[in-house]
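Following: one structure in structure tokens, then a few remarks.
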Amino acid sequence: MADDPNVATYRIENGIAWVSFNRPDKRNCMSPNLNRRMGEILDEIEHRDDFGVLVLKGEGSAWSAGMDLKEYFRDTEALGLGATRKAQRESYGWWRRLRWYQKPTIAMVNGWCFGGGYGPLYACDLAIAADEAQFALSEINWGILPGGGATKVVVDLMPMRDAMYHAMTGELIDGKKAAEWRLVNESVPLADLETRVTQLANVLLEKNPVALKATKDAIRRVKEMTYDNAEDYLVRAQEAANSYDNDGRKEGIKQFIDDKTYKPGLGVYDRTKQVKG
Ligand code: COA
């Protein structure tokens, strides 16, 4: 059967790319088709200059109900090991692309978020959930361990006891508890979710994009480094960033020290005044 291109969609508006899981009738569970389409969308739009922040959202009542138990597992397994490995490459592939995406990313978790959904959740730099959203590592309920990176996600984000409880019981937690356990940054009432995410995206849109990419990569990279390795990496990473934008930080210093038009402790410099040299 030919792929349906609409299982994942996007629209770009006011500097924000709103990318959607779009299988609401299947609670946005991830089929091989959806994973391929997400990979294509990420490739297609990454370097467009009409947006600076990507938001990953779900259409309907779900963010994502995880992997598609029929199409991703049962139907694919029936085709043999090659098909299984291909499906894994395609799903893990777009999550990895997202983890290292050029633009900052925000997961806007509007509803159900299960199992495999933790892969793209973790891949997003920031995550805001609805209080009403429901999260679970449901794998244990249908007889497998939380694979596809999900176990690593909870161990990375949560304290050990919470991660163990979450993975072993498969119990649901709501958006507020997910924020308390640090699966997401914060949760707000569903009615306010899009407004809050837009506000956060607008904060990021004011920042220097080269510095944002360097910063988000650094946060992920240094996590597994010794202090000395991190110190050295950060020097090199800043020098590499300078090769893309050598003027931003000079302008930032000038507007504070010479022009006295802003204070870095209290706000961001005006990038529109930056002259490229
Ligand atoms: N894989 C395959 N199909 C799924 C799915 C999944 N992960 N999640 C939902 N669906 C399908 C259902 O089979 C149903 O299909 P149908 O209309 O053809 O019967 C449709 O989506 C709607 O699901 P339904 O269960 O009726 O919706 P609900 O709102 O009552 O419940 C959930 C929503 C998410 C609680 C429930 O669908 C569920 O438990 N899904 C599985 C979640 C899971 O364990 N995911 C982990 C995978 S790693």
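Quick note: the coordinates plus some simple rules give every number you see, no bench work behind them. Please read these numbers as outputs of a predicted model, since none were measured by experiment. When we count neighbours, we look across all protein chains shown, and the Cβ atoms used for this are built from the backbone with ideal geometry, even at glycine.
Pairs meeting the criteria (first residue in the range 168-180 and over 10 Å from D131 (Cβ atoms), second residue among the aromatic types (F, W, Y) and part of a loop (DSSP other than H, G, I, E, B), beta carbons under 9 Å, at least 6 apart or on different chains) are I173/W181. Close Cβ contacts (under 7 Å, 6 or more residues apart or on different chains) running from residues in the range 57-83 that are over 29 Å from D131 (Cα atoms) to residues that are surrounded by 15 or more Cβ atoms within 10 Å (Cβ to Cβ) and among the β-branched types (V, I, T) comprise T76/T84; E77/T84; A83/T76. Hey, can you tell me all the residues within the range 119-146 that are out of contact with any strand residue (DSSP E or B) (no Cβ under 8 Å at 6 or more places or on another chain), within 10 Å of the ligand (Cβ to nearest atom) and not acidic (D, E)? Those that are out of contact with any strand residue (DSSP E or B) (no Cβ under 8 Å at 6 or more places or on another chain), within 10 Å of the ligand (Cβ to nearest atom) and not acidic (D, E): G119, I140, N141, W142, I144, P146.
Here is a yes/no grid of residues against (1) away from the ligand (no atom under 12 Å from the Cβ); (2) farther than 30 Å from Y233 by Cβ:
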| residue | (1), (2) |
| --- | --- |
| G148 | no, no |
| K152 | yes, no |
| M164 | yes, yes |
| T169 | yes, yes |
| G175 | yes, yes |
| L183 | yes, no |
| E186 | yes, no |
| L190 | yes, yes |
| L212 | yes, no |
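Against the numbered list (1) within 16 Å of the ligand (Cβ to nearest atom); (2) under 30 Å from Q199 (Cβ atoms); (3) touching a strand residue (DSSP E or B) at 6+ places or on another chain (Cβ under 8 Å), R23 comes up short only at (3). For the range 9-41, the set of residues classified as among the small types (G, A, S) and in contact with an Asp or Glu (Cβ under 8 Å, 6 or more places away or on another chain) consists of G15, S20, S31, G39, listed by residue number.
Whenever a residue of the range 138-165 is within 17 Å of G66 (Cβ to Cβ) and in a loop (DSSP other than H, G, I, E, B), its partners that are within 16 Å of the ligand (Cβ to nearest atom) and of a type in the set (A, V, I, L, M), lying with C-beta atoms within less than 8 angstrom and at least six residues away or across chains, give the pairs L145/A167; P146/L137; P146/I140; P146/V154; P146/A167; G148/M67. Scanning the range 71-122 for residues that are among the small types (G, A, S), crowded, with 24+ Cβ neighbours inside 10 Å and part of a helix (DSSP H, G or I) gives A87, S91, G115, G116, G117, G119.
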